[in-house]
Amino acid sequence: MGGVTMLDQIKTWRTDLKQAQALLEQDFLKNKNPASLLKKHTDLIDALLKSVWLHNKLHNDITLIAVGGYGRQALFPFSDIDLLILAPDNITDAQNKEIETLIGVLWDLGLDIGHSVRTLQECIDEAKDDATIQTNLLEARLLCGSKVVYTQFFIEIKQQLDVEKFLAAKIAEQDARHAKFNNTGYSLEPNIKESPGGLRDIHTILWIAQSQGLGNTWLELARNGVISQTELNEIKRHERNLNTLRIRLHYLAKRREDRLLFDFQNELAANLGLVNTSSKRASEQLMQSYYRSVRYINLINEILLKSFAISTLTSETTIINQHFFAQNKWLETASPDLFKQHPSTILECFLLLQQHTDIEGFSPSLLRQLLDVTKLITKDFRQSPENQALFLTILKQKYGVHQTIRRMNRYGVLGKYIPAFGKIIGQMQHDLFHVYTVDEHTLKLLSNLRRFSKPELEHEFPLCNQLFANFEKPYLLYIAAIFHDIAKGRGGDHSELGKKDAKRFCQAHQLPAKDTALVVWLVEKHLQLSKVAQKSDLSDPAVIELFAKLMKTESRLTALYLLTVADVRATSPTVWNEWKAKLLEHLFLETRQALNNPSFTVKNAIATRQAKARIKLKKYGLAPEAYDTFWEHAGEGYFAKFNTNEIAWQTRLLIPHLLTQTPIVRAHLSREGNGIEVMIYTPSSQDLFARICNFFDRISYSIGEAKIYTTKHHYALNTFLVLDESTTQISYTGLLKHIEEKLRDKIITTQIEAPIKGRLNRQVKHMPIATQVMFDAIPESTHQMLDIIACDQPGLLANIAFILIEHKIKIHNAKINTLGNRAEDTFLISDYQDQALTSEKMQQLKTALLAL
């Protein structure tokens, strides 16, 4: 009587554990020693588990073993506690009950237990073909139970390990893990543990080293000559950085969280004592420190994994030239001091790898030499005609350009050879649609350009593939790609600043004046094609005429189109879609036609459009007298607003409804790509645009484009291209009918619903962009362009529409562009009298829009 119950004991353990963990957190925040925290946390859990084990009096034949991160004594604050319970072969019901009770107590203590119960033979059998299980067991550490059983277990596991198979399996496992992160550690929200260059890549090195008997720790690897003292210091420095970030991330999130999300970057930076400067936010400094660690870990991981593989390879040597030879399909230097004696060979080794496709990469020794000699890439090195010729030769090769430039960046050469590029390595982009750092985005752009050159990938972008095949000097596109964002992060217009860097580079490398002019122009104008395609009414011949004047030649247009498609695709896997592809292609084709037609004028283009529409209508049995009245009421502007297909479709549908008082709503799948095209024809009203926007917001459809037109007899003839953002499974037939019926009802109803207010996206909350409102006058027009850049959020467009109604603004056209979580909306506007807004009116409207 009066003894301590198990429930009381659990409460005591829980209380003691929380207090001890709180003290550990305080100690870490004070002393900032990640290794100490991980060891002390492991010791704390060890002591608790041993106490629980003793209290539960488990049978002597049962053994408790720590595995995984807990086994290697690196237990992060909220990580799982991985346990292996080694059971006897003929386990009894009583022993099973003891194990169940133990696990129940551990769960009651609030521990995140990951456990398995196996016999020794089961461990051996399961580990044979599973490298993950083998890895876990390699890190096994005895906690409680029989030392004899544990020793037998440890010997058996070691004996059955096939070193070569384990090496191959761990490399394949790493490759698969990297692929899940698009093979880059330079995303803006990386996973500290799993992303390329993260902690898991460090662990992989140690696991393979341990399997080969080379050492269990970095110090042991240094003592055994696997790594140098310098490498030991660098590895420990970067491992400490990542461990610190992961520990702090756990404490900030109060859970196991290994992703460096925007939610935590600002607070994490502040906790580390980083402050905003005039040139860099504190969070940018934090992330650049992280990316530096990623870069080094990527490199040392490659060096050491190749070193571990050497013993498994058969030595085959091929002489390349007096300076290089190939061995085991890796490029080697003939002398350990080659780069110091002949600095130009630093670039030559990349060119040789590019030219000899049977060579798969650099040897570990060559990589180590490269690490030591990047300081030799000085101003004199960059000004050497030999080195300049080598660099241009790399860009002019038929194959391997992207991979070679990526290697040069990976091994620290590119940023030294082009110092301006070195400044954007690890540079964050706070625009809510780029998901990579500036340098990684640039390399992906280069990769996309190279994809256009491959016949086997022609199906991806047939037009780009055809244009690229006929482009005389592709290397000029590559130079423009390298420099297009090179001035980001400096403040000011990066296109203007970047073109100066590009010009200096081209002149230094003695490019012909014509080639230099093209590269500089591409860098300066690299946003123009995308801007016009996504902000202007491409059905208007005047837009095409103006853009053709800007392009001047077909070769410039082609170069800009190829660069733009590659650029937009490189921002994020989610930003590119078929609709954007069709927009860019449409602008390119229409502009090319205008450039190649000396008689192109707006008047002629409209006449041609009308003629083509008449031909289409004739196929439906419609003579001109059947639709002349409709076209007369539509007015001249109608033929500048809509293309041939739209005119033919609308004319056929609306002939019987010329003076209807009931809204006509028709929907069909877009001919230009993905999405649904919706036409609305109804007596004009000022709140029509707001009603339509509100409707699509409420059914989770985003508006990609809106053509707003008012006929001569004051009817609204509007078309909307809408894109599905919901996961609702509805047949397209049913969906189109639903849109037609429900939207018509919303237009008819007297009461207009208020815009919806939804929750901000997580990224938008933590990386907001300031709303921008800009007005542009249009030459020889009473209309104005209104550009609004804002964080995308539910109901944004409808709210804008309501503000425009409130300020008596008439909308003539709208282009709605969403890039990730960034909205860039463009409206062609006037007042209700079709006059330009006064300065006072513009300021009032701007104030209201900025308050969104």
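The values are calculated or read from the model by the stated rules, or taken from the named source; none is laboratory data. Bear in mind the structure is a predicted one, so any value in this text is a computation, not a measurement. Cβ placement follows ideal geometry from the backbone for every residue including glycine, while neighbour counts extend to all protein chains displayed. These accessible areas exclude ligands, DNA and RNA; they are computed on the full protein's heavy atoms, side chains included. Shrake-Rupley method; radii C 1.70, N 1.55, O 1.52, S 1.80 Å.
Annotation: of all residues in region 768-798 being buried (at least 20 other Cβ atoms within 10 Å of the Cβ) and at pLDDT below 90, the one that is nearest to ALA754 (Cα to Cα) is ALA798.
Being in contact with a Gly (Cβ under 8 Å, 6 or more places away or on another chain), surrounded by fewer than 20 Cβ atoms within 10 Å (Cβ to Cβ) and either farther than 30 Å from LEU589 by Cα or of a type in the set (D, E, K, R) (or both) is the requirement here; does ASP724 meet it? Here the answer is yes, as ASP724 does meet what is asked.
Just one of (1) modelled with pLDDT under 95; (2) surrounded by fewer than 19 Cβ atoms within 10 Å (Cβ to Cβ); (3) out of contact with any strand residue (DSSP E or B) (no Cβ under 7 Å at 6 or more places or on another chain) fails for VAL575. It is (3).
Out of all the residues in region 376-384, is one or more open to solvent by 10 Å² or more (accessible area, probe 1.4 Å), in a loop (DSSP other than H, G, I, E, B) and free of Cβ contacts under 8 Å to residues at least 12 places away in the same chain? Scanning region 376-384 turns up at least one residue that is open to solvent by 10 Å² or more (accessible area, probe 1.4 Å), in a loop (DSSP other than H, G, I, E, B) and free of Cβ contacts under 8 Å to residues at least 12 places away in the same chain. If the condition is being surrounded by fewer than 21 Cβ atoms within 10 Å (Cβ to Cβ) and either in contact with a Gly (Cβ under 8 Å, 6 or more places away or on another chain) or of a type in the set (Gly, Ala, Ser) (or both), then region 549-572 contributes SER555, THR571, SER572.
Just checking: which of the helices (runs of 4 or more DSSP H) contained wholly in region 113-219 hold 2 or more residues that are closer than 30 Å to ASN409 by Cα? Here the list reads 163-180, 199-211.
When we screen LYS39, LYS11 for residues that are under 39 Å from the mean Cα position of the chain (by Cα) and free of Cβ contacts under 8 Å to residues at least 40 places away in the same chain, the only hit is LYS39. Residues of region 608-635 that are within 45 Å of the chain's Cα centre (by Cα) and open to solvent by 20 Å² or more (accessible area, probe 1.4 Å): THR608, ARG609, GLN610, LYS612, LYS616.
Of all the listed residues (GLN793, GLN835, GLN843), the sole one being within 38 Å of the chain's Cα centre (by Cα) and in a loop (DSSP other than H, G, I, E, B) is GLN793. Hey, does region 528-540 have a residue that's under 24 Å from GLY704 (Cβ atoms), open to solvent by 30 Å² or more (accessible area, probe 1.4 Å) and modelled with pLDDT of 95 or more? Yes - at least one qualifying residue is present in region 528-540. Filtered by the rule that a residue be more than 40 Å from the chain's Cα centre (by Cα) and part of a helix (DSSP H, G or I), region 42-72 gives ASP46, ALA47, LEU48, LEU49, LYS50, SER51, VAL52, TRP53, LEU54, HIS55, ASN56.
Taking first residues from region 413-438 that are acidic (Asp, Glu) and partners that are at pLDDT below 90, the Cβ contacts under 6 Å between residues at least 6 apart in sequence or on separate chains come to ASP431/ARG822. Looking across region 328-343, the residues that are open to solvent by less than 50 Å² (accessible area, probe 1.4 Å) and over 30 Å from GLN383 (Cβ atoms) come down to ASN328, TRP330. Residue pairs whose Cβ atoms lie under 7 Å apart, sitting 6 or more positions apart in sequence or on different chains, and linking a residue in region 284-313 that is among the acidic types (Asp, Glu) to a partner that is assigned to a loop (DSSP other than H, G, I, E, B), are GLU284/MET428.
Tell me, which residue of region 271-294 that is of a type in the set (D, E, K, R) and closer than 22 Å to GLY412 by Cβ is modelled with the lowest pLDDT? Give the steps one after another, and end with the answer.
Going through region 271-294, the residues of a type in the set (D, E, K, R) turn out to be 280-281, 284, 292.
Next, only the ones that are closer than 22 Å to GLY412 by Cβ stay: 280, 284, 292.
Working: LYS280: 83, GLU284: 88, ARG292: 94.
Result: LYS280.
Condition test on HIS430, is it under 23 Å from LEU188 (Cβ atoms) and either open to solvent by 60 Å² or more (accessible area, probe 1.4 Å) or modelled with pLDDT under 95 (or both)? For HIS430, the condition - under 23 Å from LEU188 (Cβ atoms) and either open to solvent by 60 Å² or more (accessible area, probe 1.4 Å) or modelled with pLDDT under 95 (or both) - is met. A residue that is out of contact with any strand residue (DSSP E or B) (no Cβ under 7 Å at 6 or more places or on another chain), of a type outside the set (Gly, Ala, Ser), modelled with pLDDT under 95 and open to solvent by 10 Å² or more (accessible area, probe 1.4 Å) can be found somewhere in region 182-198.
Restricting attention to region 341-385, the residues that are in contact with a helix residue (DSSP H, G or I) (Cβ under 9 Å, 6 or more places away or on another chain), more than 11 Å from PHE324 (Cβ to Cβ) and of a type in the set (Asp, Glu) add up to 2. Restricting ASN271, ASN266, ASN224 to residues that are open to solvent by 10 Å² or more (accessible area, probe 1.4 Å), touching a Ser or Thr at 6+ places or on another chain (Cβ under 6 Å) and more than 20 Å from GLN73 (Cβ to Cβ) narrows the list to ASN266. For region 513-554, a residue qualifies if it is among the polar types (S, T, N, Q) and touching a residue at least 60 places away in the same chain (Cβ under 8 Å), and the qualifying residues are GLN534, SER536, SER539. Residues in region 302-326 that are out of contact with any helix residue (DSSP H, G or I) (no Cβ under 8 Å at 6 or more places or on another chain) and surrounded by 12 or more Cβ atoms within 10 Å (Cβ to Cβ) were compared, and the one that is farthest from ILE346 (Cα to Cα) is LEU313. In region 767-823, what residues are of a type in the set (Asp, Glu), in contact (Cβ under 8 Å) with a residue 24 or more places away in the chain and farther than 17 Å from LYS846 by Cα? Scanning region 767-823 gives a single hit, ASP792.
LEU546 - would you say it is crowded, with 23+ Cβ neighbours inside 10 Å, farther than 19 Å from THR393 by Cα and not acidic (Asp, Glu)?
Values: crowded, with 23+ Cβ neighbours inside 10 Å: no; farther than 19 Å from THR393 by Cα: yes; not acidic (Asp, Glu): yes.
So LEU546 fails the test.
Of all helices (runs of 4 or more DSSP H) completely enclosed by region 547-664, which ones contain at least 3 residues that are small (Gly, Ala, Ser)?
Details: elements: 554-569, 578-595, 602-619, 624-634, 637-641, 644-654.
Qualifying helices (runs of 4 or more DSSP H): 554-569, 602-619.
For region 438-451, the criterion of being surrounded by fewer than 20 Cβ atoms within 10 Å (Cβ to Cβ) and in contact with a Cys (Cβ under 9 Å, 6 or more places away or on another chain) is met by at least one residue. The set of residues from region 499-535 being outside any loop (DSSP other than H, G, I, E, B), within 13 Å of HIS484 (Cα to Cα) and not hydrophobic (A, V, I, L, M, F, W, C) comprises LYS499, LYS500, ASP501, LYS503, GLU524, LYS525, GLN528. Evaluation of THR42 against the conditions (1) under 30 Å from LEU252 (Cβ atoms); (2) β-branched (Val, Ile, Thr); (3) open to solvent by 10 Å² or more (accessible area, probe 1.4 Å) shows that the sole unmet condition is (3). Restricting attention to region 668-683 and to residues that are under 16 Å from PHE696 (Cβ atoms) and not in a strand (DSSP E or B), the residue that is modelled with the lowest pLDDT turns out to be ASN674. Going by the structure shown, is ILE155 open to solvent by 20 Å² or more (accessible area, probe 1.4 Å), of a type in the set (A, V, I, L, M), farther than 21 Å from GLU234 by Cα and in contact (Cβ under 8 Å) with a residue 24 or more places away in the chain? Judged against the criteria, ILE155 is not a match.
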